[in-house]
Protein chains: 2
Amino acid sequence: MDIRRQVGLNVQRIRRSRGWSQEELAFESGLHRTYISGIERGARNPTVTVLRALADALGVGPGRLLDDGPPETASP
Amino acid sequence: MDIRRQVGLNVQRIRRSRGWSQEELAFESGLHRTYISGIERGARNPTVTVLRALADALGVGPGRLLDDGPPETASP
């Protein structure tokens, strides 16, 4: 899978596991909500400093955002 | 540590563990040698697609490039 799409799925999955809206993640990370939306859709190509901001806001290590499978829930 | 510096140290450590020059990593990853040099110095802010290219060339998962410690050798 394209790594941008993988990052987007990981951000979305972890964000939802926190019960957060995109607005809440935007506030916590200091990024704009439309940028979060673009990342989750795989439409953006975030830099490592953006990964750091997202990972810190979500309370995970930045490498988790690059994982190639969902570690918390399995697909059917 | 700044994540750009961490990525740089990881790329340099793994590259050297392969016995590769920056030129060899540039060839394998399709990136320019001066860009590799900038990443290793922490002067660049690489995107996730660049991490993917480096990780594929080095034969590691992309999350390894964000690790916050050297897993292979310890510092004295």
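Here are the numbers for this structure:
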quantity	calculated
Every pair of residues 6+ apart whose Cβ atoms lie under 6 Å, when the first sits in the stretch A:41-53 and is more than 9 Å from chain B (Cβ to nearest Cβ) while the second is among the hydroxyl-bearing types (S, T, Y) and open to solvent by less than 50 Å² (accessible area, probe 1.4 Å)	A:A53/A:S29
Scope the stretch A:41-55; condition open to solvent by less than 60 Å² (accessible area, probe 1.4 Å) and part of a helix (DSSP H, G or I); matching residues	A:V48, A:T49, A:V50, A:L51, A:A53, A:L54, A:A55
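The values are calculated or read from the model by the stated rules, or taken from the named source; none is laboratory data. Predicted model only: the values in this text are computed from it and were never measured. So basically every Cβ, Gly included, is an ideal-geometry build from the backbone, and we count neighbours across all protein chains shown. Heavy atoms of the whole protein, side chains included, go into the accessibility calculation; ligands, DNA and RNA do not. Shrake-Rupley method; radii C 1.70, N 1.55, O 1.52, S 1.80 Å.
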